[in-house]
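*Asks:* Below is the structure I would like to discuss, written out as structure tokens.
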Amino acid sequence: MASNKNMLVLPGDGIGPEVMGVVMNVVDWMDKRRAVSFDIQEDLVGGAAIDANGAPVTDATVEKAMNADAVLLGAVGGPKWDNLDFSKKPERGLLRLRKDMDLYANLRPAICFKALVSASTLKPEIVEGLNIMIVRELTGGVYFGEPRGIEDLGGGIRRGINTQVYTTPEIQRVARVAFELARKRNGKVCSAEKANVMESGVLWREEVQKQHDDGFEDVELTHMYADNCAMQLVRNPKQFDVIVTDNLFGDMLSDEAAMLTGSLGMLPSASLGDVDETGRRKAMFEPVHGSAPDIAGQNMANPLATLLSFAMALRYSFDLGDDADLIEQAVENVLATGKRTADIAEAGTAPISTTAMSEALITELDKMAA
Ligand code: IPM
Ligand code: MG
């Protein structure tokens, strides 16, 4: 029977297919044990798509992504494709999906699981109980701004150009997402930019403040320069609830926030667009980590960021909050037993493999659902 829950799965490159395999095991488990089934289509993105089709994503794949209720993506990139022309690199596939689907709000929650407090490089009291949400603008800024390129100025001199640019609607819509999220959390938003050196930062600050004053007065808003925000994230991360920031600062601040949680292998993300006339919100879910070519194919990658991204899909795209809770709790329980992949293993303990982590999760889910 068709389930009406259409998910496009794009495992991608490097550890992508391995970590996605774990999610597919959980999808099978949900089908058998929770009677929740998905119509899943699988397709290629990144280097895998370049090898098969000559482009990092095809029009047909983009079309499928547009029509899916949710897209689940593994990771893209690797040394094999590093020397390709810029417009043909694996990363362009990911960026095209984000742009064409207009996924302007990228939610990157950094939660420090109790069992992982000691896996962080920061002192336990700094990260224990940490739960912050970075809202990164995802379809604008220097990632997409024009003009861009590398120019030959002659005489052996070249010039590289990228443009940081934001319009007021682009800032307003992502600010609204941040304020709405804060209302369901601890009611605080910190907006990060460089208004001290960039006009686009001045505009960002003014527009975020205007959105706040126009209907979100109940949310506490502060502004911070992005460099200070980077420093405050390691000094006292628990001062934050929601951080809203632009595409490039968000890229950097979210990697930094990931390490507060113990490992980049733990951080999921959701990229959301607006709700359309049929009530559907275009959405893509992906781990914050990359394709990790150094450990790909060795059955040692941490699948939890991708599994937690799937949990976010259940919550944000399929309105299955209970199932999302169940998966998140299973992750927490497995970690509490001390079973860890290499990136989060405690000193002196043997790490487990990706597939062993998958088995541990299924066993835990069985136990919880019994
Ligand atoms: C991320 C990644 C991507 C980005 C790369 C792979 C294009 O670092 O999702 O944070 O820079 O946005
Ligand atoms: Mg990044």
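*Asks:* In debye to the nearest 20, how big a dipole does the chain give about its Cα centre with +1 on each Lys and Arg Cβ and -1 on each Asp and Glu Cβ?
*Replies:* Numbers: 37 positive and 55 negative charges, 83 e Å.
Charge dipole of the chain: 400 debye, to the nearest 20.
*Asks:* Over all distinct Cα pairs, what is the inverse of the mean 1/r for the chain, reported as the Kirkwood hydrodynamic radius in Å?
*Replies:* Working: mean 1/r = 0.0470 Å⁻¹.
With all distinct Cα pairs of the chain included, I get 21.3 Å.
*Asks:* Might you report the magnitude of the Cβ-based charge dipole of the stretch 131-260 about its Cα centre, with Lys and Arg at +1 and Asp and Glu at -1, to the nearest 20 debye? Intermediate results must be reported in sequence, preceding the final value.
*Replies:* On the way: 15 positive and 21 negative charges, 67 e Å.
With only Lys, Arg, Asp and Glu charged at Cβ, the dipole is about 320 debye.
*Asks:* Another question, then. Using the alpha-carbon centroid of each, what span in Å lies between the stretch 122-151 and the stretch 293-364?
*Replies:* 23
*Asks:* With the chain treated as a Gaussian network of Cα nodes joined by springs under 10 Å, which of Arg34, Arg108, Arg315 yields the largest mean-square fluctuation?
*Replies:* Top of the fluctuation ranking is Arg34.
*Asks:* Tell me whether the stretch 131-260 comes out rounded, prolate or oblate; compute the Cα gyration tensor, take square roots of the eigenvalues as a ≥ b ≥ c, and use a/c under 1.5 as the rounded threshold.
*Replies:* Details: a/c = 2.57, a/b = 1.70, b/c = 1.52.
It is prolate, given that a/c is not under 1.5 and a/b is the larger ratio.
*Asks:* Which of the three applies to the stretch 1-83, rounded, prolate or oblate, going by the alpha-carbon gyration tensor with a ≥ b ≥ c and a/c under 1.5 meaning rounded?
*Replies:* Oblate shape, in that a/c is at least 1.5 and b/c is the bigger or equal ratio.
*Asks:* Near Ala178, within a Cβ-to-Cβ distance under 11 Å, what is the net charge of the other residues, with Lys and Arg +1 and Asp and Glu -1?
*Replies:* Working: positive: Arg136, Arg173, Arg176, Arg183, Arg185, Lys188; negative: Glu137, Glu180, Asp241.
Net local charge, Ala178 excluded: +3.
*Asks:* When the helix-only estimate is applied to the chain (DSSP H runs of n ≥ 4, each -39,500 (n - 2.57), divided by the residue count), what is the mean residue ellipticity at 222 nm, nearest 500 deg cm²/dmol? Write out the running numbers ahead of the final one.
*Replies:* Values: 12 runs with 145 residues, N = 370.
Counting only the DSSP helices, I get -12000 deg cm²/dmol.
*Asks:* Okay, next question. Grab the other residues whose beta carbon is less than 11 angstrom from that of Thr58, score K and R as +1, D and E as -1, and report the net.
*Replies:* Taking every Cβ under 11 Å from that of Thr58, the sum is -1.
*Asks:* Right, next: Using just the C-alpha positions of the stretch 209-254 as equal point scatterers, what log10 of I(q)/I(0) does the Debye formula give at each q in 0.31, 0.34 1/Å?
*Replies:* -1.19, -1.28
*Asks:* Starting with the highest mean, order 73-80, 182-189, 252-259 by the number of other Cβ atoms within 10 Å, averaged over the residues of each peptide. Please list the in-between numbers first.
*Replies:* Details: 73-80: 23.8, 182-189: 16.8, 252-259: 19.8.
The peptides rank, most packed first, as 73-80, 252-259, 182-189.
*Asks:* Okay, next question. Suppose every Lys and Arg Cβ carries +1 and every Asp and Glu Cβ carries -1, with no other charges. What dipole size does the stretch 21-168 come out with about its Cα centre, to the nearest 20 debye? Mind showing how you got there, number by number?
*Replies:* Working: 18 positive and 20 negative charges, 89 e Å.
So the dipole magnitude of the stretch 21-168 works out to roughly 420 debye.
*Asks:* Among the lysines, select those whose C-alpha is under 21 Å from the C-alpha of Lys123, and discard any that sit fewer than 8 residues away in the same chain.
*Replies:* Lys114, Lys238
*Asks:* For the stretch 2-49 and the stretch 192-270, compute the distance between their C-alpha centroids and round to whole Å.
*Replies:* The stretch 2-49 and the stretch 192-270 have Cα centres spaced 31 Å from each other.
*Asks:* I'd like the antiparallel share, as a percent to the nearest 5, of DSSP beta bridges with both residues in the chain. Kindly include the intermediate steps, with their values, before the conclusion.
*Replies:* Numbers: 19 of 44 bridges.
Close to 45 percent.
*Asks:* Hey, if we sort Tyr225, Tyr166 by accessible area with the 1.4 Å probe, largest down, what's the order? Provide the component values of the computation, followed by the final result.
*Replies:* On the way: Tyr225 85, Tyr166 20 Å².
Largest accessible area first, the residues go Tyr225, Tyr166.
The values are calculated or read from the model by the stated rules, or taken from the named source; none is laboratory data. Owing to the predicted nature of the structure, the values given are computational and were not obtained by experimental measurement. Heads up, the Cβs are rebuilt from the backbone with ideal geometry, glycines too, and the neighbour counts pull from every protein chain shown. The area values use the complete protein model at the heavy-atom level, side chains included, leaving out ligands, DNA and RNA. Shrake-Rupley method; radii C 1.70, N 1.55, O 1.52, S 1.80 Å.
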